[in-house]
Amino acid sequence: MKLDREEVLHIAALAKLGMAEEDIALFGTQLSNILENFDILNKVDTVNVPPTAQPNSLCNVMREDQVTRSLPPSDVLANAPHRDGEFFRIHAVLE
């Protein structure tokens, strides 16, 4: 499906995009190629293909929680720019 100049400008207006004159032909060609690819996909027989929300099976990739010893506060705060005892000192975020 070949898009003409007016259709490209209409699509750009719908997307609230300003188009330079030299971009109209470029985007017209690119959008036409995309629509041609969709035309090819529409010809594929998908009658016996069940609809899916996800093309691959989902599985949990997280490991099980393991209880381990924490770092001592002195190691955690070793590179802190400002500290207050065993706490990080930061600028107030809320009033």
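The values are calculated or read from the model by the stated rules, or taken from the named source; none is laboratory data. Everything numeric in this text was worked out from a predicted model, so none of it was measured. Using ideal geometry, Cβ is built from the backbone for each residue, glycine included, and neighbour counts are taken over all protein chains shown. The protein model used for the area step is the full one, side chains on, heavy atoms only, and it has no ligands, DNA or RNA in it. Shrake-Rupley method; radii C 1.70, N 1.55, O 1.52, S 1.80 Å.
Angle check, please: helix 21-42 long axis (alpha carbons) against the longest principal axis of the chain (alpha carbons), in degrees 0 to 90, nearest 10.
Helix 21-42 sits roughly 90 degrees off the main axis of the chain.
So, taking all protein chains as they sit and a 1.4 Å probe, how much accessible area belongs to ASP75, in Å² rounded to tens?
90
With everything on Cα atoms, drop me the angle between helix 5-14 and the longest principal axis of the chain, reported from 0 to 90° to the nearest 10.
30
For segment 18-95, what is the accessible area per residue in Å², given a 1.4 Å probe and the full set of protein chains?
I get 101 Å² per residue for this part.
For the chain, evaluate the Debye formula with one uniform point scatterer on each Cα (no solvent term) and list log10 I(q)/I(0) at q = 0.13 Å⁻¹, rounded to two decimals.
Debye output, listed in q order: -0.74.
Select from PRO72, THR46, GLY18 the residue farthest towards the positive end of the dipole of the chain; place +1 on Cβ of Lys and Arg, -1 on Cβ of Asp and Glu, and compute about the Cα centre.
Looking along the dipole axis, the top candidate is PRO72.
Among 15-23, 76-84, 30-38, 53-61, how do they line up by average Cβ neighbours within 10 Å per residue, starting with the highest?
30-38, 76-84, 15-23, 53-61
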